[in-house]
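Laboratory data are not the source of any read-out in this text; all were calculated from the coordinates shown. A quick note: this is a predicted structure, and the numbers were derived from the prediction, not measured. With ideal geometry, Cβ positions are generated from the backbone for all residues, glycine too; neighbour counts draw on all protein chains shown.
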Protein chains: 2
Amino acid sequence: MTETLVDRRARLMGPNVPTFYQTPVHLVKGEGVWVWDAAGKRYLDCYNNVPHVGHCHPRVVKAICDQAGTLNTHTRYLHEGVLNYIERLTATFSHGISQAIMTCTGSEANDIALRMAQAATGKTGIIATDATYHGNTMAVSQLSTRKPPIGGRWPNVRLVPAPDSLNRPDPDGSIFAGHVAQAVRELDEAGFGCSGILLCPMFANEGLPTLARGWLDKTVAVIRAAGGIVIADEVQPGFGRAGSHFWGHDKLGFAPDVVVMGKPMANGHPVGAVATRPDVMAAFRNAFSYFNTFGGNPVSAAAALAVLDVIRDEGLQENAARVSAHVTARMAALRHPLLRDTRSNGLFFGAEFMLDDGEPATRFCANLVEGMVARGVLMNVIGAGRNILKIRPPLPFSVENADHLMDRLEETLRDTKVTA
Amino acid sequence: MTETLVDRRARLMGPNVPTFYQTPVHLVKGEGVWVWDAAGKRYLDCYNNVPHVGHCHPRVVKAICDQAGTLNTHTRYLHEGVLNYIERLTATFSHGISQAIMTCTGSEANDIALRMAQAATGKTGIIATDATYHGNTMAVSQLSTRKPPIGGRWPNVRLVPAPDSLNRPDPDGSIFAGHVAQAVRELDEAGFGCSGILLCPMFANEGLPTLARGWLDKTVAVIRAAGGIVIADEVQPGFGRAGSHFWGHDKLGFAPDVVVMGKPMANGHPVGAVATRPDVMAAFRNAFSYFNTFGGNPVSAAAALAVLDVIRDEGLQENAARVSAHVTARMAALRHPLLRDTRSNGLFFGAEFMLDDGEPATRFCANLVEGMVARGVLMNVIGAGRNILKIRPPLPFSVENADHLMDRLEETLRDTKVTA
């Protein structure tokens, strides 16, 4: 009877199951940008991109309930839901991207994207950065860097040094493109060839570096010259978060061949997708008979369509741009001896802290995060050194919410001791 | 305006997107064992195992709506939903299986199972049958046989001849075990070693062969002697369908190390899971930091728990056993010149047809299926030769439904021309 939820998790889910925070939060209710724990304490959600249009948005909930009570099958039968959704979704893309496959997770979508690259190019080498995460399947986890995959990394994978606008300046992206060119040469020499590169257009897990529009152009040229394709993982930047643009790749100004989507796509309902041009889609579809039982089912399509409706009807992309400007200004005014840089990209913010010896202030950032949670604000850290605050609220985040966040952050910065 | 749904699919989803039937059915509504198309025609669903407790079951729909309107986050926060579900789920297992990871699809669950085998054994070779399907990720599709994976099959995979109780009798499973032993030797010689075998305890895609309890014992002994683990893919047999038992492996009488679940688990909500013993879970969890954003979220857990509740409260496992006996008897009474065998395993039925020259009656079976669809009964085919009717209705299938199915099948058999 006295078994805690943490103990129950260990008993039922096994060891090493990740949680957030020293004392994991037990959430029981969500609404808009707010969540509540079992003791009734309210938290401002400055972390979760899954509840993209706000926790438990009534239009998304209604779409799910209505369709779940009417029909939920799969795409081996005809249904207008998946078609209406893909039509609306692909209308947001430029660059000839007009077709999509719906999946249940971003991991599944990236797993397909890797095979699209193989099918379209006839090659198997793949490039990503060395401080990233793209998903959890056996294949996709080869590209993730926090923990090496079981059995060691596949020889057809090359991980290039991640962009870091603060510590390794590369204003026009030529250094990054040089690393990518070297990776292409290595893949060619090893006989794999380069099927493509998989990148987040915000480099969010890498630490949200400040990159000028066009920064990736040289890299894209290297990949195209090698006959590879460019895959944009829009799980974090996409669906209006970038503010000025609906997609991160349009903000950075490059034309991907394949776009991968996940987390925010259906506000928590398990939906992902991979979109591409008809030539790449045909290469994949003709090489492999792909079917996903739950992918694009009527309920998933209804949930995802409701999210697009809400983003449009509530002006959430415009809100992201407006509130981004406000938070960016307030973050620029932050003062702290360890604070080295503040960064923003739409409704996504980073603040990097380093010790005087130039080492990442990992522990200090962890303590900051704990201090914020104690004050009822949920956030976390990113970057290879885990020394960059990760602030990524749901899109209905208001200027008032932003002031609440920044007031609490100023207090916490003042009250958190500097420890090595 | 005159673009058909089929044309729209090709435009938006690309070529080679699988559908059922010569004229794909456009479904708009479901309830219990019935679905309706856009023209109002009603069909008896004798195919779908996803709507396990019946299309749009009100208790499952209510569970989804209630939780979607309250909170939907992920397992980095504490929540009782995922724990309550895993506790209820693992209580149905014997053999020390007491922990689970929730995913969004059976493919994701099998993808984890393959890595559990690698982590628990330190080996990478894997064995499956040569007429199977276990999912759609890059890794899992290596084990599927309908279309070879892009880039060719990985060298650590061995596919052994599938059991076929009609055409290749193997009453005690020693022939199958011999094939598996040979595959183990090949994997050892190639340096991969044998991490395990992945099997459906009904061998459903293989054609639902009639196998005596204990049939797999020799194979399990071969795998254990090789230090490998046994993975039971319960996506089709599980959750009471087998009738006499809740799980297919308990019906066949073997002890798996890992159990994979998917399709029927949450009645269409995207949920899968992989369950195992604590030692195997620890090996996986300590080797790889696995997190699935949507897996085990509060809504998914609520949907899955409602399915377990309905199975218990409506006696659906017992219903499967009772109706199975009725259908089995009626199928045994079927007479047709091409009919070679009828088979059943709980609420899952097969009827195998062959031409006089011993070739599979593939086209005849396709025509039978079309004739049934025209009569308002949905079913399909299985087996390497696509010459075995696949009849796998939702669990609330009644004796009256069964008589409707069998009456239509008798008519269709009488009216379908035999063609080569």
Study note, to complete from the structure: Taking r as the C-beta separation of A:Asn84 and B:Asp357 and R0 as 60 Å, the FRET efficiency to the nearest 0.05 is 0.80
Exercise for review: Compute the label-point distances linking B:Asp356 to its equivalents in the other copies; points lie 7 Å from Cα along Cα→Cβ; give nm, one decimal, shortest first.
Suggested key: 9.8
Review point. Can you pull the mean other chain C-beta count within 10 Å for peptide B:140-146?
Key: 2
Review point. Over chain B, what relative contact order in percent results from Cα pairs under 8 Å that are six or more residues apart?
Key: 22 percent
Check your understanding: What nm value, rounded to one decimal, do you get for the distance between A:Thr4 and A:Arg42 when each label is placed 7 Å out toward the C-beta?
Key -> 2.7 nm
Review point. Using the Kyte-Doolittle scale, which helices in chain B average at least -0.5 and also have C-alpha atoms spread 20 Å or more along the helix axis, with helices defined as whole DSSP H runs?
Key: B:106-121, B:174-189, B:298-313, B:316-332
**Study point:** Cβ-Cβ FRET estimate between A:Ala333 and A:Arg312, R0 fixed at 35 Å, reported to 0.05
**Key:** 0.60
**Study point:** Inverse mean reciprocal Cα-Cα distance (Kirkwood Rh) of the range A:39-129, Å
**Key:** 17.0 Å
Revision key, fill the gap. Taking A:Met265, B:Met354 and counting other beta carbon atoms within 10 angstrom, the fewest-first order is B:Met354, A:Met265
Exercise for review: Kindly provide log₁₀ I(q)/I(0) values, in the same order as q = 0.27 Å⁻¹, from the Debye equation applied to equal alpha-carbon scatterers of the range B:351-410.
Suggested key: -1.12
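Ranked highest first by average number of other Cβ atoms within 10 Å, how do A:179-185, A:241-247 line up? Can you show the working numbers first?
Details: A:179-185: 20.0, A:241-247: 22.7.
The peptides rank, most packed first, as A:241-247, A:179-185.
Using per-residue counts of other Cβ atoms within 10 Å, averaged over each peptide, order B:161-173, A:118-130 from highest down.
Numbers: B:161-173: 16.6, A:118-130: 22.8.
Per-residue Cβ counts within 10 Å, averaged per peptide and sorted highest first, yield A:118-130, B:161-173.
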Check your understanding: Which distances, shortest first and in nm, link B:Gln22 to the matching position in the other copies, using label points set 7 Å out along Cα to C-beta?
Key -> 7.1
Practice item. Just the number, please: percent antiparallel of the DSSP beta bridges in the range A:58-313, rounded to the nearest 5. Key: 40 percent
Review point. With each pseudo-label sitting 7 Å past Cα toward Cβ, what's the B:Glu189-B:Tyr21 distance in nm, one decimal?
Key: 5.0 nm
Review point. Which FRET efficiency value, to the nearest 0.05, do you get for B:Ser94 and A:Arg11 by plugging their Cβ-Cβ distance into 1/(1 + (r/R0)^6) with R0 = 22 Å?
Key: 0.80
**Study point:** Equivalent-ellipsoid semi-axes of chain B, from the Cα gyration tensor, Å, largest first
**Key:** 32, 28, 21
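Work out the mean other chain Cβ neighbour count within 10 Å for the residues of A:30-38 and drop it here as an integer.
Numbers: counts 6, 3, 0, 0, 0, 3, 1, 2, 3.
For this peptide, the per-residue mean of nearby foreign Cβ atoms is 2.
Which whole number gives the average count of other chain Cβ atoms within 10 Å of the Cβ atoms across peptide A:98-104?
Working: counts 3, 7, 3, 3, 1, 6, 10.
Partner Cβ neighbours, averaged per residue: 5.
Can you give the convex hull volume of the alpha carbon atoms of the protein assembly as shown per residue, in Å³? Intermediate results must be reported in sequence, preceding the final value.
Numbers: hull volume 130.5 nm³, N = 840.
Considering the Cα atoms of the protein assembly as shown, their hull volume per residue is 155 Å³.
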